[in-house]
Amino acid sequence: MHAPIRKPEQHLPRHAWRHVHATVSRRERHVARYAWPAAVGAAGLAWYGADSLRHRRESGHGYDLRGELDVRSPDFLRTAEALTGAPISTGDEVELLVNGDEIFPCYLDAIRSAEQTICLLTYVYWRGDIAHAVADALCERARAGVECNVIIDAVGGMKLEAEVIDRMVDAGVRVRRFRPPRPYAVRRLTNRTHRKILVADGRVGLTGGVGIAEEWTGNAQDPDHWRDTHVRVEGPVVRGLFGAFAENWLEATGEVLVGPGYLPDLPDEPGSGPMMVVRSSAGVGDTNVEALYYLAIAAARESLDITAAYFVPRPAFTEALQDAAERGVRTRVLVSGHNIDKPPVWVAGRAAYDDLLDAGVEIYEYQPTMLHAKTMTVDGFWSSVGSVNFDNRSFQLHDEATLCVCSEAFAGRLGEQFERDLEVSARIEPRRWRRRGPLQRSLETSLKFARREL
């Protein structure tokens with residue numbers, strides 16, 4: 001007869017068997033400790049991957065314009081109004097402001113002249129003398145009895161000194177940080193308010209690309225002082241700017257701002273031409289500014305001039321710009337050059353250059369400093385100035401606002417500034433561009449897959 005087969009552990013002494021069990025138990029606890037974070041991470045990656053696939057699938061093609069449309073025709077404004085929900089306003093005056101030397105005197109004057117209410121919304125509020133000057137002006141008005149409401153994006157305003165906020169709050173300024181990061185709202189972290197709006201007494205408004213920081217002061221004279229464009233408006237169109245502020249204020253505080261101090265009766269008088277304020281927020285499907293830009297590009301017949309601080313077009317917008325150039329529209333795109341504050345964005349945007357250049361689009365990179373302006377002019381008549389960059393963040397992820405103006409005179413002023421900017425920009429020459437090295441090409445290819453977040 002054979003001896004009974006004994007399991008391996010039966011050969012071990014009892015104290016060694018206890019040691020084996022203890023070791024296995026520790027390993028199980030070690031695995032359990034990291035199991036739930038790994039599961040959460042895997043779920044997050046799965047969600048991001050699925051959302052990325054949906055993003056690429058839905059953004060493959062733009063719109064088809066059914067019929068003819070001319071930006072000089074009232075039909076264009078009515079179409080834009082129907083598509084975005086932004087009302088057409090008449091009886092307004094608009095002033096173009098270029099760089100900090102022109103922008104901030106008007107900005108501070110609007111605050112200091114306010115008698116009833118001030119509504120200030122900004123993505124960037126950083127540091128420097130101008131940050132303190134704005135805070136001081138708000139404090140003075142609050143102490144004088146003016147109701148001052150300030151929204152600072154919680155991510156864009158991270159560099160702002162706590163002392164500045166405390167000083168404003170102590171003076172009676174109502175300050176709110178917009179969408180502060182929360183563990184239970186990680187998905188909303190990329191959805192910021194990128195709007196830059198100032199409204200005084202509901203009568204005077206300013207909007208554009210400028211942030212409140214030392215970088216925006218001066219006249220773009222060196223890499224430490226940026227190039228940007230803003231506008232000052234008076235008239236009924238200011239209600240549109242107030243509406244963009246009020247929308248974010250409602251979310252941040254739960255308050256609806258009402259009364260003549262915010263919404264005065266503004267007479268409809270002869271002005272600079274029809275205007276509208278188009279605002280948009282992140283959501284499912286196309287946003288208002290995305291639809292507006294598609295419409296304007298598709299309607300262009302003669303010329304299309306785009307200034308974009310961050311230019312990372314999705315395939316649909318690349319296709320729209322190609323179509324414009326191929327139907328005979330002189331299409332020019334001015335973007336930031338090597339002085340850009342976010343180099344990966346610059347590299348990712350260059351991935352679209354080949355297709356655009358092949359179609360006849362002219363591309364220029366601004367050389368003296370960081371270019372932060374966001375403007376578009378179509379056929380020397382319709383113009384847009386606001387916070388909208390030519391990237392997915394502006395079109396899909398951020399809250400944005402832009403002023404649209406139908407006026408040859410205003411478009412002419414924007415065009416003159418565009419030409420001045422081109423004089424200090426480097427044009428991308430197709431032949432030279434195609435000879436760029438493999439390293440540059442590989443960087444462009446790798447970063448373009450991250451354009452959803454750029």
Just checking, does segment 302-316 include any residue being out of contact with any strand residue (DSSP E or B) (no Cβ under 8 Å at 6 or more places or on another chain), part of a helix (DSSP H, G or I), outside the structural domain of Leu241 (by TED's automatic domain parsing) and closer than 24 Å to Ser442 by Cα?
yes
Residue tally, condition at pLDDT below 90 and in contact with a strand residue (DSSP E or B) (Cβ under 8 Å, 6 or more places away or on another chain), over segment 180-195:
2
Answer from Gly240, Gly283, Gly261 - the residue that is surrounded by fewer than 19 Cβ atoms within 10 Å (Cβ to Cβ), within 30 Å of Glu68 (Cα to Cα) and out of contact with any helix residue (DSSP H, G or I) (no Cβ under 7 Å at 6 or more places or on another chain)
Gly283
Please count how many residues of segment 418-445 are of a type in the set (A, V, I, L, M, F, W, C), surrounded by 13 or more Cβ atoms within 10 Å (Cβ to Cβ) and more than 15 Å from Leu357 (Cα to Cα).
4
Considering residues of segment 420-435 that are within 19 Å of Asp305 (Cβ to Cβ) and assigned to a helix (DSSP H, G or I) only, the residue nearest to the chain's Cα centre (by Cα)
Asp421
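Residues are listed down the side, and each one gets a yes or a no for (1) without any contact (Cβ under 8 Å) to a residue 40 or more places away in the chain; (2) farther than 25 Å from Arg431 by Cβ; (3) not in a strand (DSSP E or B):
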| residue | (1), (2), (3) |
| --- | --- |
| Leu295 | no, yes, yes |
| Thr318 | yes, no, yes |
| Leu321 | no, no, yes |
| Ile340 | yes, no, yes |
| Asp355 | yes, no, yes |
| Ser384 | no, yes, no |
Residues of segment 240-280 being touching a Cys at 6+ places or on another chain (Cβ under 8 Å) and hydroxyl-bearing (Ser, Thr, Tyr), which ones?
Tyr262
Scanning for something in contact (Cβ under 8 Å) with a residue 60 or more places away in the chain, under 17 Å from the mean Cα position of the chain (by Cα) and not assigned by TED's automatic domain parsing to the domain that holds Val150, does segment 192-207 turn up at least one residue?
no
What residue, of Leu371, Leu357, is more than 27 Å from Asp92 (Cα to Cα), surrounded by fewer than 20 Cβ atoms within 10 Å (Cβ to Cβ) and at pLDDT 95 or above?
Leu357
Residues (under 14 Å from Leu96 (Cβ atoms) and of a type outside the set (Val, Ile, Thr)) located in segment 206-222:
Leu206, Gly208, Gly209
Quick one: how many residues across segment 245-257 are in a loop (DSSP other than H, G, I, E, B) and either in contact (Cβ under 8 Å) with a residue 12 or more places away in the chain or among the small types (Gly, Ala, Ser) (or both)?
2
Surrounded by 13 or more Cβ atoms within 10 Å (Cβ to Cβ), more than 30 Å from Gly235 (Cα to Cα) and basic (Lys, Arg): does that describe Arg174?
no
Just give me the residues in segment 95-140 being in a loop (DSSP other than H, G, I, E, B), of a type outside the set (A, V, I, L, M) and closer than 18 Å to Glu214 by Cα, in sequence order.
Tyr123, Trp126, Arg127, Gly128
With respect to the numbered conditions (1) at pLDDT below 95; (2) over 21 Å from Leu206 (Cα atoms), which one is the sole condition not fulfilled by Val164?
(1)
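Conditions tested, residue by residue: (1) more than 26 Å from Phe418 (Cβ to Cβ); (2) without any contact (Cβ under 8 Å) to a residue 24 or more places away in the chain; (3) part of a loop (DSSP other than H, G, I, E, B).
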| position | (1), (2), (3) |
| --- | --- |
| Val210 | no, no, yes |
| Glu215 | no, no, no |
| Asp224 | no, no, yes |
| Arg232 | no, no, no |
| Leu241 | no, no, no |
| Gly259 | yes, yes, yes |
| Gly273 | no, no, yes |
| Arg279 | no, no, no |
| Ala282 | yes, no, yes |
In segment 390-400, what residues are within 15 Å of Val335 (Cα to Cα) and either surrounded by fewer than 24 Cβ atoms within 10 Å (Cβ to Cβ) or of a type in the set (Phe, Trp, Tyr) (or both)?
Phe390
Residues Val289, Val231, Val277: which one is crowded, with 23+ Cβ neighbours inside 10 Å, among the β-branched types (Val, Ile, Thr), under 22 Å from the mean Cα position of the chain (by Cα) and modelled with pLDDT under 95?
Val289
When you check Gly145 against the structure, is it more than 19 Å from Phe245 (Cβ to Cβ) and over 24 Å from the mean Cα position of the chain (by Cα), yes or no?
yes
Can you tell me how many residues within segment 154-181 are under 20 Å from the mean Cα position of the chain (by Cα) and either over 15 Å from His132 (Cβ atoms) or part of a helix (DSSP H, G or I) (or both)?
10
Criterion first (touching a helix residue (DSSP H, G or I) at 6+ places or on another chain (Cβ under 8 Å), modelled with pLDDT of 95 or more and surrounded by fewer than 22 Cβ atoms within 10 Å (Cβ to Cβ)) does Gly415 satisfy it?
no
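The values are calculated or read from the model by the stated rules, or taken from the named source; none is laboratory data. Given the structure is predicted, the values throughout are model-derived calculations rather than measurements. So basically every Cβ, Gly included, is an ideal-geometry build from the backbone, and we count neighbours across all protein chains shown.
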